[in-house]
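Asks: If you scroll down you'll find the structure; I have some questions about it.
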Amino acid sequence: MIASGNTHTGSANLLRTYFALGEASPGAKHHLEPGFEYCTGPYDHPICNFAANLSLDRMVANRIFDIALDCPHFNVYSLDGDVPMSRFERQALLVESGFEKCYELTQMGWTPSCPAHQPQIQPERGSDKRNEIASFMALQFFPKYSSGFRRRIFEATALAQSLELYGIYLDGQLVAASMLSEDESSIGLFNVCVDTAYRGRGLGRNLVAAAQFQAYEKQKFVCLQCNESLITWYENQGFRTSGIVDVFGLPDKRRTAIMK
């Protein structure tokens with residue numbers, strides 16, 4: 001387990017990333033109320049319909065639930081650093097207000113040290129390349145969803161200019177990608193994905209190593225969130241568990257993960 005200071009640094013980076021994507025969704029709005037922040041938008045997806053940065057009591061939890069009822073799909077993200085400090089107390093307040101826990105993600109972090117591998121992968125700045133990478137990510141993470149659904153996701157990703165998009169090309173074809181979210185203290189590593197036909201060639205490791213080398217040069221902490229199935233893979237790249245993201249939603253089974 002990583003020290004709590006870095007855990008809170010990672011949580012702050014996650015919040016920055018959530019809201020960067022939410023605000024970039026066309027038609028979405030960022031709201032601030034006592035005890036929480038939230039985003040609402042027209043898409044049937046939590047990328048722009050969610051609450052986070054929680055300081056919960058019973059009244060605040062009930063207010064979030066009332067907001068969720070007016071949205072087509074709404075998630076609540078409970079992170080280390082939120083109030084109450086106990087994740088189980090936060091869970092109890094949200095469940096009492098009417099939410100149910102949908103799933104959880106593991107927060108992981110990497111403390112700067114000189115990486116053995118230093119791949120040179122540069123972020124793509126042009127809109128065409130950002131659109132290509134964002135579309136690739138949406139296809140990798142949501143292959144069974146409609147093209148219209150994926151388009152909403154890739155539009156938000158491409159338009160979030162504060163998030164850097166990286167791609168690996170082989171013979172002119174985009175085969176792997178990642179997204180970095182940098183703030184004063186950390187670099188968030190998100191959406192690492194590789195085309196199924198090119199997995200097992202070390203491309204994902206190259207993307208991770210590129211983020212680590214950049215963080216090493218700037219002496220910044222690297223943070224991410226992942227499913228349980230990927231914990232060992234990231235541990236092999238030097239990451240350690242730093243916390244848990246608990247995700248809550250309305251008890252109607254409309255559940256879609258924002259990112260992996």
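Asks: How many of the residues making up segment 42-56 are among the aromatic types (Phe, Trp, Tyr) and at pLDDT 90 or above? It would help to see each step written out before you state the result.
Replies: The first filter runs over segment 42-56 and keeps only residues among the aromatic types (Phe, Trp, Tyr), leaving 43, 50.
Subset that is at pLDDT 90 or above: 50.
Qualifying residue count, segment 42-56: 1.
Asks: Here is a further query. Which condition breaks for Ser229 when tested against (1) within 14 Å of the chain's Cα centre (by Cα); (2) within 26 Å of Lys101 (Cβ to Cβ)?
Replies: Condition (1) is where Ser229 drops out.
Asks: Also: When only residues in segment 24-47 that are in contact with a Phe, Trp or Tyr (Cβ under 9 Å, 6 or more places away or on another chain) and of a type in the set (A, V, I, L, M, F, W, C) count, which is surrounded by the most Cβ atoms within 10 Å (Cβ to Cβ)?
Replies: Here the residue is Ile47.
Asks: Let me ask something else about it. So which of Tyr145, Tyr169 ends up being of a type in the set (Phe, Trp, Tyr), open to solvent by 20 Å² or more (accessible area, probe 1.4 Å), without any contact (Cβ under 8 Å) to a residue 40 or more places away in the chain and under 23 Å from Pro42 (Cβ atoms)? Reasoning before the result, please.
Replies: Numbers: Tyr169 fails: under 23 Å from Pro42 (Cβ atoms).
The unique qualifying residue is Tyr145.
Asks: Please enumerate the residues belonging to segment 61-115 that are open to solvent by 50 Å² or more (accessible area, probe 1.4 Å) and of a type in the set (Val, Ile, Thr).
Replies: Val83, Val95, Thr111, listed by residue number.
Asks: Considering (1) touching a residue at least 60 places away in the same chain (Cβ under 8 Å); (2) open to solvent by less than 20 Å² (accessible area, probe 1.4 Å), say which one Leu54 fails and leave the rest.
Replies: If we test Leu54 against (1) touching a residue at least 60 places away in the same chain (Cβ under 8 Å); (2) open to solvent by less than 20 Å² (accessible area, probe 1.4 Å), just (1) comes out false.
Asks: Which one of Met259, Met179 is at pLDDT 95 or above, buried (at least 17 other Cβ atoms within 10 Å of the Cβ) and over 15 Å from Gly109 (Cβ atoms)? Spell out how you get there, then give the answer.
Replies: Details: Met259 fails: at pLDDT 95 or above.
Answer to the selection: Met179.
Asks: Being assigned to a loop (DSSP other than H, G, I, E, B) and either touching a Pro at 6+ places or on another chain (Cβ under 9 Å) or among the polar types (S, T, N, Q) (or both) is the filter; apply it to segment 116-137 and report the residue that is surrounded by the fewest Cβ atoms within 10 Å (Cβ to Cβ). Don't jump to the end; show me each part of the working.
Replies: Kept after step one, since they are assigned to a loop (DSSP other than H, G, I, E, B), are these residues of segment 116-137: 116-122, 124-126.
Filter once more, keeping what is either touching a Pro at 6+ places or on another chain (Cβ under 9 Å) or among the polar types (S, T, N, Q) (or both): 118, 120, 122.
Details: Gln118: 13, Gln120: 7, Gln122: 9.
Going through the qualifying residues, I end up with Gln120.
Asks: For residues that are on the phi < 0 side of the Ramachandran plot and either among the polar types (S, T, N, Q) or modelled with pLDDT under 95 (or both), scanning just segment 185-198, find the one that is surrounded by the fewest Cβ atoms within 10 Å (Cβ to Cβ).
Replies: This residue is Thr196.
Asks: Also: Is it true that some residue in segment 226-240 is farther than 20 Å from Pro123 by Cβ and surrounded by 23 or more Cβ atoms within 10 Å (Cβ to Cβ)?
Replies: yes
The values are calculated or read from the model by the stated rules, or taken from the named source; none is laboratory data. This is a predicted model, so every value here is computed, not measured. Using ideal geometry, Cβ is built from the backbone for each residue, glycine included, and neighbour counts are taken over all protein chains shown. Accessible surface areas use protein heavy atoms only, side chains included; no ligands, DNA or RNA. Shrake-Rupley method; radii C 1.70, N 1.55, O 1.52, S 1.80 Å.
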